[in-house]
Every structure is written in structure tokens, then in C-alpha cells.
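In what follows, a structure is listed as C-alpha cells, so that the remarks can point back to it.
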Amino acid sequence: MLYRDAGRDAMMIHRTERMSLLDVDNLSLSLDGSAILNGLSFDLWEGYVHAIVGPNGAGKSTLAFALMGLDGYRHIDGDIRLDGESIRGLSVDERARRGMTLGWQEPARFEGLPLRRFIACGADGADDETITEAMQQVGLDPARYLGRAVDTTLSGGERKKVELASILAMRPRLVLLDEPDSGIDVDSLHRIHDAIGLLRDAGTTVVLITHSMEVLGWAQHAFLICCGNIVDKGPSDEIVRYFRNKCIPCDHKNAPTLAEMP
Amino acid sequence: MTDEQPARQLADIASIHAAVGDEDTAHLLIGLNEVVSSRAVAGLDVDVESHDEGVRLRIVVADGAVIAKPVHMCFGLLQQAGIQRIDLDFAVGSGAKIDVIAHCVFPNATDIQHLMNADIRIGAGARYSYFERHIHSDAGGLLVVPKAKVTLAEDARFRTDFELVEGRVGTLKIDYETTCGPRSVLEMTAKVAGRGDDKIDIRETGHLTGEDARGALTSRVAVRDDARADVYNKLTATAAGARGHVDCKEIITDRGIANAVPIVEVSHPKAHVTHEAALGSVDSKQLQTLMARGLTEDAAGDLIIAGLLS
Ligand SMILES: Nc1ncnc2c1ncn2[C@@H]1O[C@H](COP(=O)(O)OP(=O)(O)OP(=O)(O)O)[C@@H](O)[C@H]1O
Ligand SMILES: [Mg+2]
């Protein structure tokens, strides 16, 4: 048992009230011969904001890619079930059409692709109103940005906001947001927070991948991962405390052997 | 105006009704070897001479003339087969300014040759922008050979955009060569999408011979099926302060073949020219980003390529 607090597991007894949207069962993944994810099992409850927290190199992005089924991350052991049904064999776009999506830590840039087209592409038949609304929700002034392309002329923070706007327009059932705060200035951070609130209010299940204590605080429930293992899970305020007290000072620096795990 | 019917059809296909209907906009519509519609404006002198296989055009923009609205030219063949040869002599006077939009429409082509030979001289401080858009049939039976020799006097600016993304290319051989005087600015861009057994051959050359001349050669090419693209873009810099950049991107899908040879030649210690070329399949992160919004791989690839060629 890797979990720090067996008492905390009592929470899981209430799982029937918390509908599991995605359940991950003993998920392992090796990349180029190195084990990156080591038998992770957890549930994502429908309508909750979850956080996955952990130090650099813990395997957070890899986990998101494996859940989304990106190319190169599909050869997993274990299973991933959406609504109780295995999605192991499904491609990225098939998973997306079932309501899953991903916001990248560093989003791709596209030469010549109009922002309007990009934001609309996940939102079947999105009208202009949906697009401008999504832009406003992340703090992008449509008058200034609608004519731009999703290319290298956007700053890193602007590009992250465009990504989030496209996710808002898509109205997914489950979104994996990899470091939604990276590159975002202090003034804009509340926008991102509000946008995540909007997703939650619309019933979207949100997974925030982060090592920021502030972003972790936005979640109701969190998983702490280290070296591709879940080392703790629970209400996010407790995970904040654990992360601050134990992980930040930890001299393992994300390289303990399994036997050394708490 | 000699024939209403082809004039309307050409305008239809090129969608330039507004331009043709506007009293202040100059236009010239040439079907095969005859002028089917034209309008001149002050400062712009156009002389057309027909021959069996096409026309000889002499265009002069008077010194200092500023042509306010873009001039629309349309070259086309509504027939399936034929040869259209355009010889163009284009002189832009000192300090003049003109924008030309050329529509080359061959909607029914099964066996057509469109051969353009241009001699373009841009006077001191003049500005000329030339946008050439092709609309081809889906049959692929076209041979398009645009050739141009361009000279830029001091402080002149020349910008050319070639776009062939609608219909099949057939065989395309672009050959532009420009000589750039002091402080002049050259921008040449070609955007082409090939499929089937299309053959694309792009040779854009810029000689930065004047002090502080600047040049940028850009090509964006997508090839699918068994299409092939060869891009040989070349910039030479022989004067102090000359600066330039050659930029080529080619995306291939299916069995497409891309070949790019950017050549930069610098023979002055105070000149600086750079180049970059990126050839290959559609970027995986871009694809997966769009697929994570629910687009199929094909739809995502099409959107990425459309952006690149837009
Ligand atoms: N193709 C690969 N081959 C081998 N190791 C890899 C490969 N890709 C990623 N890794 C390693 O897997 C580990 C987890 O990487 P991942 O990107 O998931 O970390 P992360 O938790 O998202 O870190 P960060 O906070 O820095 O974003 C890292 O040690 C990384 O070097
Ligand atoms: Mg990461």
C-alpha cells in the first residue's frame, strides 16, 4: 500500500455517490526501455476538479498522454475505462469524440491557422458567438486576437489562453490540463482559475496537472505522484500540506527506488 | 470587349465581379489570345497585341503614378486544350505604386500549356506587388511555366505571391530571377499544393547587388499521392549591408516526394544571408492537438496544410 493514510481510503467507500467517469486500473508504461508509469490505479469522479501534482519528471505529462492515447503512449499495461468501458484500443480522436481532451504544457503552434478555426475545431458547428465568448472567458480580446493565427507570433501565455479557449468551446466531459498556469502572468491567473470554474460548472471533469501550490488549491481532490507512482491522494488541502512539507524538502528529488517510497 | 460569354465565365471563376464592375478599378481579362474585357485608369498604360497562341502585353505605370485600387488581370482558357503564351513587358516608373492581382483560370483543362515570359523593371522608389492565383481543373492536364526577370532600382520594393492550391497543379515550373539595387526590398512567396502525379519545380533567385538591399524567398509546398516538389531557391549577396533569408517548408503525405535546395551565396563581409528548410510529414504534435479535439487524422492534416498554404 503506497497510500500514506489508510484512514483516508475510507473516503473511497463513498465512491458510489461519486460517480467514476474514468477509472484507471494498474496503468504502467515504459518509454524507450525505462519504466515511467508504474501500475497506477485511481478514479476520476465525474464533475470534480482533480489535481495531479508531483515534482519535475514524476510522470505527470506522460500520464496525461497515456490517458489521452497519444501516439507513442498507447502501449500501456493495465486498463483505462471511460463510463466503465475500456478505451485502451481507441485512438486520440476516438477518445476526443467520447468527450476527452487535453491541454498541452507547451501547446503546438500552427503556421497560418486562424485562431477562429482553431478554437472552433472541437466545437461542432461553433458560431462566432461561442468563439468570442470562449475567448473572453480566458481574457483574450476578440477584437485584438480573432484575426491572428495560432502561430509563433503569439506569446507563450497567449498561446496557452488560446488552448484553453478552444477547450471551453469544445465543452468536453473530461479535460486533462497540463500545467494550465505555465507562462501565465499573475494578473491573468485568476482568468484561468475562473475558466476552470466555468468548465466545472458546465459539468466537465477537470484534471489539473501542476507543481504549483496555488493551482493545486483550485482542485477538490488531488493525487501526488513521484517516480511514476501514486504516493498520496486525498482532498487537495491535505495534499498541499504533504507536498509542501515532505516533497519540496525531499532529497530523493524524484529518484527514489520503489522500496524507499513513503 | 469582344465576347460577353467568356468574360462573364472568367470573372465568375475568378470571382472578380466587383472589380470588373467598378469604374475606378482597372482590369484586363484575356481568354486564350484575345482581350474579352478591359478598363484602364489614369497613370496606367496597357497595350495588347494578339498572336495565334496568346498575347504580347506592354504595361507602363507612369512615373509617380499611384494606382489606388488593385488592378485585376485574368488569364485563362475555358477550353480543355490549347496553348496560351503571354509575353509581358512591365515597367513601373520611378516613385509609382501599383498592386496587381492576376487570376489564372483553367477550369476545364485536360491538355493546356500556360507559358508566361515576363520582363519587369521597377523604377527608383517604386512599389509593385503582384499576386498570382491559379485555379485549375481536377484533371491535371496542365503545364504552367511562369518565367520572370525582374530588376529593382534603388529603394524599389517588389513583392510577389504565387498561389496554386485549387485543382490539380499538373506540371509547374516557376523560374523567377530578380536583381536588387541599393536599399531595394524583394519578397517572393510561392504556395503550391500538389497531388496525383503533379510535378512542382520552383526556382526563385534573388541577387542582392545593391548596398543594403533586402530579400526574402519563401516557399510553402504540400505534396500528396505521388506528387513531387523540387524547390531550388537562391539568394546571392554581393554588397555591404545586404540581408536576406530563404525559407522553405514542404509537407508530404502518402508517397509524395519533397526536395529542397536552398542556396545562399555571400561575397561581401558586411552582407548576411540565412536559410531554413523543413521537409517532412505533418507535425505530430500539431496533428494530435487537433485530433484531441475530435478531428480525424485526415481532417487534422488537411487543416494544418490549409493553414500553411493560406
Ligand atoms: N521517450 C522517453 N524515453 C525515456 N524517458 C522518457 C521519455 N519521455 C519522457 N521520459 C522521462 O519520463 C519522466 C517523466 O516525464 P514527464 O514529462 O511525464 O514528467 P512531468 O512530471 O510532466 O515533469 P514536468 O513537471 O517537468 O513537466 C522524465 O524523467 C522523462 O525524462
Ligand atoms: Mg510535464
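The values are calculated or read from the model by the stated rules, or taken from the named source; none is laboratory data. Since the structure is predicted, the reported quantities are computational estimates derived from the model, not experimental observations. For neighbour counting, all protein chains shown are included, and Cβ atoms are generated from backbone atoms with ideal geometry for every residue, glycine included.
Key figures for this structure:
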quantity	calculated
Sole residue being part of a strand (DSSP E or B), in contact with a Pro (Cβ under 7 Å, 6 or more places away or on another chain) and not polar (S, T, N, Q), chosen from B:His275, B:His245	B:His275
Count of region B:260-305 residues which are closer than 16 Å to B:Thr189 by Cα and small (Gly, Ala, Ser)	3
Selection status of B:Leu28, at pLDDT below 90, surrounded by 19 or more Cβ atoms within 10 Å (Cβ to Cβ) and not β-branched (Val, Ile, Thr)	no
Selection within region B:96-106 - surrounded by 18 or more Cβ atoms within 10 Å (Cβ to Cβ) and not aromatic (Phe, Trp, Tyr)	B:Ala96, B:Lys97, B:Ile98, B:Val100, B:Ile101, B:Ala102, B:His103, B:Cys104, B:Val105
Single match in B:Ser94, B:Ser129 (criterion: in contact with a strand residue (DSSP E or B) (Cβ under 6 Å, 6 or more places away or on another chain) and polar (S, T, N, Q))	B:Ser129
From the options B:Leu303, B:Leu295, B:Leu287, residue that is facing chain A (nearest Cβ under 10 Å) and part of a loop (DSSP other than H, G, I, E, B)	B:Leu295
Count of region A:154-174 residues which are within 14 Å of chain B (Cβ to nearest Cβ), at negative phi and either away from ligand 2 (no atom under 16 Å from the Cβ) or surrounded by fewer than 23 Cβ atoms within 10 Å (Cβ to Cβ) (or both)	13
Wholly within region A:57-128, helices (runs of 4 or more DSSP H) carrying at least 3 residues that are over 19 Å from the mean Cα position of the chain (by Cα), within 14 Å of chain B (Cβ to nearest Cβ) and farther than 14 Å from A:Val207 by Cβ	A:115-120
Number of the exception - A:Ser182 against (1) of a type outside the set (Val, Ile, Thr); (2) within 16 Å of ligand 2 (Cβ to nearest atom); (3) assigned to a strand (DSSP E or B)	(3)
Scope region B:38-57; condition surrounded by 20 or more Cβ atoms within 10 Å (Cβ to Cβ) and closer than 19 Å to B:Pro107 by Cα; matching residues	B:Gly54
Residue within region B:2-20 that is hydroxyl-bearing (Ser, Thr, Tyr), more than 27 Å from B:Ile122 (Cα to Cα) and outside any strand (DSSP E or B) present	yes
Residue match in region B:188-200 (condition: more than 25 Å from B:Tyr130 (Cβ to Cβ), of a type in the set (D, E, K, R) and buried (at least 17 other Cβ atoms within 10 Å of the Cβ))	yes
Residues (crowded, with 20+ Cβ neighbours inside 10 Å and either small (Gly, Ala, Ser) or more than 16 Å from ligand 1 (Cβ to nearest atom) (or both)) located in region A:49-79	A:Val49, A:Ala51, A:Gly54, A:Ala58, A:Gly59, A:Ser61, A:Ala64, A:Ala66, A:Gly69
Counted residues, region B:201-239 - those being crowded, with 24+ Cβ neighbours inside 10 Å and within 14 Å of chain A (Cβ to nearest Cβ)	4
